[in-house]
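Student: Attaching a single structure in structure tokens format; questions to follow.
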Amino acid sequence: MKRVYFISSNKGKLNDYLQIIKEMNLDLELRHLLPVSEEAVYDSFEKTAKHKLLSNLPETLEEDTVYFAEDSGLCIDSLKGFPGVYSSFVLKTIGLNGILKLMDLEENRTAKFVCALAFLESPRKKLTKVVTGLSKGYIHTKPLGRKGFGYDPIFVPKGFHKTFAQDLNLKNQLSHRRQAFEKMLNTLFRGKNNATITSKQGK
Ligand code: ITT
């Protein structure tokens, strides 16, 4: 069994990964590390994810173990990508209702979730790689559903009619997080661990 360490303070993300690993039937043990350094926000998800990983790595790294961190958020087209890299701050301040107010009477409700996942490709050399996943969809007019976390109650994935918070199984089959995680596993284990890893749903 392989061991992966996820560095994050967000229990919702952790639950997503646990469900993804279970659903993909992977022989992986996911462990959780709380960040030790203050969170910094850069102008891209990729840069922020890399910083989160490198500034929170334990001094001694375990061999044959994967360390990863991620930066994610919601980008709303009619708001020119807002809240984007500020998603965490915006959720804590104006919240879902504040976002819905900004979208009041807006006809173009398209949006996307982005997940940039930074991981150590080689723990010995501290070689970092960043992969990303995207979920396209739209912002509902009101929060619906009690599952998931963060912006899940207002986000409906493209081609479906329920919010992520109404159908967490659906979310974890196709989400930005699922795609980024699969990319990381494929980069790390392809060729070494039998087959390529793919999700059931298309990208
Ligand atoms: P970390 O310790 O992992 O950094 P965080 O909550 O600070 O946790 P981010 O900086 O990546 O995470 O902020 C992302 C924000 O976007 C945060 O408020 C999340 O709740 C929200 N978010 C990220 N992914 C989401 C998802 O899949 N569904 C709903 N909301 C999400």
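Student: Would you calculate the separation in nanometres between label points at Leu54 and Lys129, each defined as 7 Å from the Cα along the Cα-to-beta-carbon direction?
Tutor: Spacing of the two 7 Å Cα→Cβ label points: 1.8 nm.
Student: Give the ranking of His161, His140 by solvent-accessible surface, highest area first, calculated with a 1.4 Å probe. Walk me through the intermediate numbers first.
Tutor: Working: His161 165, His140 40 Å².
Solvent-accessible surface, decreasing: His161, His140.
Student: Using a basic spin-label model with each label point 7 Å from the Cα along Cα→Cβ, how many nm lie between Glu63 and Lys147?
Tutor: Spacing of the two 7 Å Cα→Cβ label points: 4.1 nm.
Student: What size of dipole, in debye to the nearest 20, comes out for the range 64-203 about its Cα centre when the only charges are +1 on Lys and Arg C-beta atoms and -1 on Asp and Glu C-beta atoms? Provide the component values of the computation, followed by the final result.
Tutor: On the way: 23 positive and 11 negative charges, 79 e Å.
For this selection, approximately 380 debye.
Student: Could you tell me the calculated FRET efficiency between Asn25 and Ser122, based on Cβ-Cβ distance and R0 = 22 angstrom, to the nearest 0.05?
Tutor: According to the calculation, E is roughly 0.25.
Student: Let me ask something else about it. Which distance in Å, rounded to a whole number, links the C-alpha centroids of the range 77-155 and the range 33-49?
Tutor: One Cα centre to the other: 15 Å.
Student: With a 1.4 Å probe and all protein chains left in place, how much accessible area per residue does the chain have, in Å²? Numbers along the way, then the final one.
Tutor: Numbers: 11020 Å² over 203 residues.
That works out to 54 Å² per residue.
Student: Now a separate question. How far apart, in nm, are the 7 Å Cα→Cβ label points at Arg109 and Arg190?
Tutor: Distance between the two pseudo-spin positions: 3.7 nm.
Student: Then there is this: In the range 45-123, if the dipole is taken from +1 on Lys/Arg beta carbons and -1 on Asp/Glu beta carbons about the Cα centre, which of Ala111, Ile99, Val85 is farthest to the positive end?
Tutor: Ile99
Student: Within the set of other residues whose C-beta is less than 12 Å from the C-beta of Tyr86, count the net charge using Lys and Arg as +1 and Asp and Glu as -1.
Tutor: Computed value for this residue: -2.
Student: Determine the gain in length on full extension of the stretch Leu33-Lys92; use 0.36 nm per residue of separation and subtract their C-alpha separation, reporting nm with one decimal. Spell out each step's value before the answer.
Tutor: Values: separation 59, 0.36 × 59 = 21.24 nm, distance 2.23 nm.
Stretched fully, the Leu33-Lys92 segment lengthens by 19.0 nm.
Student: In the chain, what percent of the accessible surface is made up of carbon and sulfur (1.4 Å probe, ligands and nucleic acids excluded)? Can you show the working numbers first?
Tutor: Numbers: 5480 of 11020 Å².
Whole-percent figure for carbon plus sulfur exposure: 50.
Student: Give the peptides 27-33, 80-86, 51-57 in descending order of average Cβ contacts within 10 Å, highest first.
Tutor: Values: 27-33: 13.7, 80-86: 16.3, 51-57: 19.0.
Result, highest mean Cβ count within 10 Å first: 51-57, 80-86, 27-33.
The values are calculated or read from the model by the stated rules, or taken from the named source; none is laboratory data. Computed from a prediction, not measured in an experiment: that's the story for all the values here. Here Cβ is always computed from backbone atoms with ideal geometry, including for glycine, and neighbour counts include all displayed protein chains. Please note that ligands, DNA and RNA were not included when accessible areas were found on the heavy atoms of the full protein model with its side chains. Shrake-Rupley method; radii C 1.70, N 1.55, O 1.52, S 1.80 Å.
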